[in-house]
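Working notes for the structure below.
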Amino acid sequence: MPTAIASQAIVLSIAAAVWSVLHNGLGSLGFEYSFPRNTTRLACQEDITATDYMRTTVYFPSHGDRLEGWFYQPLPTPEVQPPVIIMGHGLGAQKDMSLHPYAEQFAQAGMAVLVIDYRGFGGSDGEVRHWVSWTRHTQDYQAALDYVLSGGLGEGRLDLERVALWGISYSGGHALVTAAKEANHGKVKAVVANEPYLLGTGNIAKAVADRPLHVVARLLLAGVVDKIRELSGRGPVYVKLVGDMDGLAVLGMNPQELAFSRGNRTGPPIRIGGWKNLVTARFLIDNLGYKPMSYVDKLKCPVLLVGGTKDYLCPIENIRKAAELIGDKALVLERPYGHIELHKRGTDPEELAPIIEWLRRQFGMQPEHVDTHPLEPPAETEGTVEVA
């Protein structure tokens with residue numbers, strides 16, 4: 001039934017768009033069409049030198065644009081070349097949105113880290129700002145991997161035989177897809193996918209079931225209009241990334257979820273590049289073909305999948321299914337949280353410690369901590385472990 005409703009909504013959206021443009025002009029649709037980049041430098045962009053790590057800003061190319069990244073190096077400089085983790089953020093997000101605490105703790109545990117901004121986000125170039133595209137994002141992950149493996153972060157500075165990919169939510173899927181595409185080359189040693197996006201169909205059906213039909217129709221209308229404008233070489237159409245269930249937003253949340261996601265913030269956030277709560281509406285059309293689940297059986301490296309048992313955006317059932325397809329190379333770490341709460345709590349030392357220890361084991365490093373949530377699976381779980 002949800003699929004039939006969605007199909008009807010698409011037809012209604014196209015008809016409504018054509019009627020509105022013919023009778024009232026394009027401006028009558030009420031979408032946002034402008035998103036200029038803000039190049040004001042912020043305090044959070046300054047390099048960091050702490051007692052146990054240092055962070056510098058680096059740049060590298062991806063498909064004609066320059067990407068910006070933060071490179072974390074453990075201090076004092078290890079006698080043995082450290083492994084490196086490549087990280088990218090999730091849907092509509094960028095590196096200055098809570099990725100620093102993850103990278104900081106990884107570096108403090110002796111691992112180098114490269115945290116990237118996708119094209120059009122944060123400090124990276126790309127003049128269609130906030131163009132959310134799984135194709136472009138996975139290309140940027142690949143560009144980061146190529147940059148690291150080519151010695152771009154310094155000849156002899158890192159152990160290029162020990163490279164891991166890390167992703168969260170939407171980018172959890174990107175990390176899995178990138179590693180799967182490189183599976184036959186052995187370039188990726190391990191993958192950590194936190195609450196990963198795996199299948200679009202289930203999420204869309206959930207969105208249709210939970211939100212008013214007129215909202216779904218208007219979102220799809222925005223996607224169709226933006227796609228037409230992209231193909232005709234015109235500027236983008238934007239919709240909100242996060243909003244209430246009745247609003248024109250990709251992710252509709254109830255009041256409790258919205259309050260939790262905002263935390264103590266009272267005004268709009270100040271982010272690198274002038275981040276706004278907007279994404280290109282074409283995402284709603286392009287993403288229909290994105291299914292990271294179809295790649296996971298090609299993975300040949302160890303994979304840690306972290307999921308929330310109360311997560312409806314990236315359901316735990318999908319994560320368990322992915323683990324089955326990956327086989328004995330996969331471990332599942334389950335947490336009793338929803339999607340936003342899991343991300344918020346993910347940097348808590350007690351939550352991150354077992355993930356750090358898992359990575360250190362994959363890299364052949366000595367354990368540093370006692371696991372509060374052990375990851376070694378009992379025999380009957382066939383490669384997965386559930387942790388409350």
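The values are calculated or read from the model by the stated rules, or taken from the named source; none is laboratory data. From a predicted model like this one, the values you see are computed outputs, not experimental measurements. Every residue, glycine among them, receives a Cβ derived from its backbone with ideal geometry; neighbour counts consider all protein chains shown. For accessibility, only protein heavy atoms count, side chains too; no ligands or nucleic acids. Shrake-Rupley method; radii C 1.70, N 1.55, O 1.52, S 1.80 Å.
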Inter-part distance where the range 90-139 and the range 248-327 are each reduced to a Cα centre, Å: 14
Stretchable slack from Tyr33 to His63, in nm (0.36 nm times residue separation minus alpha-carbon distance): 8.4 nm
Solvent-accessible surface ranking, highest first, for Phe60, Phe260 at 1.4 angstrom: Phe260, Phe60
Cα-Cα over 23 Å, subset of Lys181/Lys329; Lys95/Lys240; Lys95/Lys298; Lys189/Lys276: Lys95/Lys298; Lys189/Lys276
Net charge over other residues, Cβ less than 13 angstrom from the Cβ of Glu182 (K, R count +1; D, E count -1): +4
